[in-house]
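These notes are about the structure you will find just below.
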């Protein structure tokens, strides 16, 4: 009986040596997987840039003089670093916070409601997470760069 079962099923491919340059670019990661990886990356960005976050907060609320210095860094720059580059770093922090926050709410919903752990909910909530976090980031980027 076991011989009949083993011969009737198609043999699954075995991957013993995965070539990162050949196999990984052809792999299609689902949207939920992309959101999960971006959630980890955004957390790492916020952790690594914590000294910059603390500097921005401290400088912006200490005094009027320190706030003027803070604003000058983002308008003119500091040293050889231009102001637009500082704005790009701040925009990266804005995106990482928003994505981490929205994806965190998604994961909390999935943890609380076991009916939300389906393939359809995972795909749709991942798409909503990307649209919301990128949309709010784009609106704040326009404000940061002085469009409105």
Practice item. Scan segment 74-111 for residues that are at pLDDT below 90, in a helix (DSSP H, G or I) and over 21 Å from the mean Cα position of the chain (by Cα) and jot them down. Key: 74, 75, 83
Point to revise | Extreme residue, nearest to residue 146 (Cα to Cα), among residues of segment 30-84 that are touching a helix residue (DSSP H, G or I) at 6+ places or on another chain (Cβ under 8 Å) and surrounded by fewer than 11 Cβ atoms within 10 Å (Cβ to Cβ) | key: 76
Point to revise | Every residue from segment 129-148 that is part of a helix (DSSP H, G or I) and in contact (Cβ under 8 Å) with a residue 24 or more places away in the chain | key: 129, 130, 132, 133, 134, 136, 137, 140, 141, 144
Review point. Which residue pairs have Cβ atoms closer than 7 Å, lie 6 or more positions apart in sequence or on different chains, and pair a first residue in segment 74-85 that is at negative phi with a second residue that is in a strand (DSSP E or B) and surrounded by 11 or more Cβ atoms within 10 Å (Cβ to Cβ)?
Key: 83/77
Review point. Which numbered condition trips up residue 118, out of (1) modelled with pLDDT under 90; (2) exposed (fewer than 13 other Cβ atoms within 10 Å of the Cβ); (3) more than 20 Å from residue 39 (Cα to Cα)?
Key: (3)
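Return the residues of segment 101-124 that are closer than 22 Å to residue 44 by Cβ and without any contact (Cβ under 8 Å) to a residue 60 or more places away in the chain; say none if nothing qualifies. Break it down into steps so the answer makes sense when it comes.
As a first pass, look at segment 101-124 and keep what is closer than 22 Å to residue 44 by Cβ: 101-108, 110-111.
Result: 101, 102, 105, 108, 110, 111.
The values are calculated or read from the model by the stated rules, or taken from the named source; none is laboratory data. None of the values given here were measured: they were computed from a predicted structure. Counting neighbours? That spans all protein chains shown, and the Cβs are built from the backbone with ideal geometry, glycine included.
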